[in-house]
Every structure is written in structure tokens, then in C-alpha cells.
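The block underneath contains the structure these notes are about, expressed in C-alpha cells.
Throughout, read-outs are computed from the coordinates displayed, never taken from laboratory work. All values reported here derive from a predicted model rather than from experimental measurement. Neighbour counts run over all protein chains shown; Cβ positions are idealised from the backbone, glycine included.
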Amino acid sequence: MHEINDEITPKIDCTQCGNCCKSLMINVTPVEAWSLSAYLKEPLALVKEKYIETSEQGQMIINTIPCHFLADSKCTIYENRFTECREFPHLNKDNFTTRLFGTLMYYAMCPIIFNVVEALKERLAFKVD
């Protein structure tokens, strides 16, 4: 999986897509909330009020889908984007099989996932008769 991902990912420019920003719930750590506050030059309390809510599980998340920071299919805070955004689609992490369902949920949305899965099917000689 890592080998295929390493071949496909450089061929796709995520900054020209924005599909994940249009459909994902984005988790935000306390450090990222503070960093966003500094980046936007707004008080942390205001940043939390405008952009962040607490999920039922107690995690901070961006309070809208699509993301507030998406404009013209581009991230307006790209240099300061959240870890979850930076690491998506998470194909370079270990234990891919434990995340397979989550990965396949985004098969039609993410060009990287789509192309990696298609290449994997081809390499494994996956055929439907």
C-alpha cells in the first residue's frame, strides 16, 4: 500500500481539489486552535466562537462542512492547516487494513484514494467476472 501511495500521491495536486474540505468533519487540537488564533490574529475565544464547536465525544471540531477556510476550492489557511488536513487521506500510516472502511468511504471523493485503490486492485489482479 505504501509503495502505491508513494507512486500516486505526487501525481495529484491536493491544493487544486478541495473535496475533503467540502465533506470532512475536521478535528482540531487545543494547540491547533491556539495556532489558528495566532495565524488569524484573533483572540482564541473569538476563534472558538466563530469556527469551532465541541463534538458529542468532547473533541473540538470545525463547526461547518464545508470548512470555513475553503475558498475557490483552495485552503485559505494552507500554511497553518490542521494535522488532520495535512495527513489526509492517511494512506501513509501503518495498519491500513484497520482503516480500510474509513478509506473506502472517501473512494469517490478523493482522487488519491481512488487511484491508489484502483492500482491496488490491478496489482492484486482483482477481477469481476
>> Please go through segment 36-55 and give me each residue that is of a type outside the set (A, V, I, L, M), farther than 28 Å from Ile113 by Cα and surrounded by fewer than 16 Cβ atoms within 10 Å (Cβ to Cβ), ordered by number.
In response: Tyr39, Lys41, Glu42, Pro43, Glu49, Lys50, Glu53, Thr54
> Which residues, counting only those in segment 78-111, are in contact with a helix residue (DSSP H, G or I) (Cβ under 8 Å, 6 or more places away or on another chain), closer than 21 Å to Cys67 by Cβ and assigned to a loop (DSSP other than H, G, I, E, B)?
Replying inline: Phe82, Phe88, Pro89, His90, Leu91, Tyr106, Tyr107, Ala108, Met109, Cys110
> Which is of a type in the set (Val, Ile, Thr) and under 18 Å from the mean Cα position of the chain (by Cα), of Thr103, Thr97?
Replying inline: Thr103
> How many of the residues making up segment 4-19 are surrounded by 10 or more Cβ atoms within 10 Å (Cβ to Cβ) and either out of contact with any strand residue (DSSP E or B) (no Cβ under 8 Å at 6 or more places or on another chain) or without any contact (Cβ under 8 Å) to a residue 40 or more places away in the chain (or both)?
Replying inline: 10
